[in-house]
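Step one of this worksheet: look at the structure below.
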Amino acid sequence: MSHHVVFLDRDSVKAQVRSPNFKHTYEEYSRTSLDQIVPRLQHATIAIMNKVQLNEEIIVKLPQLKMVAVAATGYDCADIFACRKHGVTVANIRNYAVHTVPEHVFMMVLALRRNLLGYRQDVENGVWQKAEQFCFFTHDIGDLFGATMGIIGEGAIGQGTATIARGFGMRVIFSDHVPSKKGNVGFIPFENVLAESDVLSLHCPMTPATRDMIGINELRKMKRSSLLINTARGGLVNEEALIQALDEGIIAGAGVDVLTTEPPKNDHPLLEVHRPNFILTPHVAWASDGAMQFLADQLIDNIEAWVAGNPQNLVT
């Protein structure tokens, strides 16, 4: 059997994508809008996509589609229940961002904890030149040693974040949930993680159960000195609640790499937050050169394994 493989948003992966080792035809598109999905996948048996949305209304119009290879770990782009219902296999990428995302997390944590943006802004505004001694203290500076890192999500990225945290001498706690995936990880209740964390970092998937998991009530349970870091999915944090928390000093700061709508519109409220205790990056925590090449290689590995009858990294 010859397969027809279509990559719908090739520009989302900045790496070499090798040709699959089986009989096939191939098409790729830089990006694909909603109304282009069905025409482009009309004859496809295998679709590759990163953030293109595949819902049941679209799937029923694609009877030849048999596999979706998601070029990411997060698979909220595909309606998994609809795929299962219509016999479409879904595979995602595993363990590719175990270094790049945790490093991005700590880039933001260190910048916020030590008030890097505030001090940099002061230097640019001439404060140092006017100081009466060799340095000045316009912002608090906190150490990570001895602080508590709370992690929601104990997968490979959460574990990678924990490893770095322990290297800084931090205490690491994981939020309990059902079912637990890691028997060797100690968990404490979600409410306790909120209350005890000096830094709370999110590393869980976007599901109906996790949408808006951090709202104003959860933010109020955190320490006023705590930081919130989200490099997972934008919808995990209620964005209006986050703005309120920053405005009212409910938490000390936040680092965000993901938004509910990406790319955001010009009037997105978080784009208007200009303060030294808030960092917004454009969904690039995952995007180191090494991580992307690992992703691209595993992407084709997943497709080849499925064609060979030995599927791997299936989303069930």
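The values are calculated or read from the model by the stated rules, or taken from the named source; none is laboratory data. Given the structure is predicted, the values throughout are model-derived calculations rather than measurements. Here Cβ is always computed from backbone atoms with ideal geometry, including for glycine, and neighbour counts include all displayed protein chains.
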Which numbered condition Asn125 misses (of (1) in contact (Cβ under 8 Å) with a residue 60 or more places away in the chain; (2) out of contact with any Phe, Trp or Tyr (no Cβ under 9 Å at 6 or more places or on another chain)) = (1)
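Picking from Val68, Val5, Val88, which residue would you name as being closer than 29 Å to Ala232 by Cβ, surrounded by 18 or more Cβ atoms within 10 Å (Cβ to Cβ) and touching a residue at least 40 places away in the same chain (Cβ under 8 Å)?
Working: Val68 fails: touching a residue at least 40 places away in the same chain (Cβ under 8 Å); Val88 fails: touching a residue at least 40 places away in the same chain (Cβ under 8 Å).
Just a single option satisfies the conditions, and that option is Val5.
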All but one of (1) part of a loop (DSSP other than H, G, I, E, B); (2) surrounded by 15 or more Cβ atoms within 10 Å (Cβ to Cβ); (3) at pLDDT below 95 hold for Leu144; which doesn't?
-> (3)
Strands (runs of 3 or more DSSP E) contained entirely in segment 220-282, each with at least 3 residues that are touching a residue at least 24 places away in the same chain (Cβ under 8 Å) and under 18 Å from Ile151 (Cα atoms) = 227-230, 253-256
Subset of segment 244-283, residues under 17 Å from the mean Cα position of the chain (by Cα), surrounded by fewer than 12 Cβ atoms within 10 Å (Cβ to Cβ) and either in the same structural domain as Lys14 (by TED's automatic domain parsing) or not polar (S, T, N, Q) (or both), comes to Pro263
Enumeration of residues in segment 3-33 that are out of contact with any Ser or Thr (no Cβ under 7 Å at 6 or more places or on another chain), in a loop (DSSP other than H, G, I, E, B) and farther than 22 Å from Ala285 by Cα = Arg18, Ser19, Pro20, Asn21, Phe22, Tyr29, Thr32, Ser33
Is it the case that Tyr75 is surrounded by 13 or more Cβ atoms within 10 Å (Cβ to Cβ), hydroxyl-bearing (Ser, Thr, Tyr) and within 19 Å of Lys51 (Cα to Cα)?
-> yes
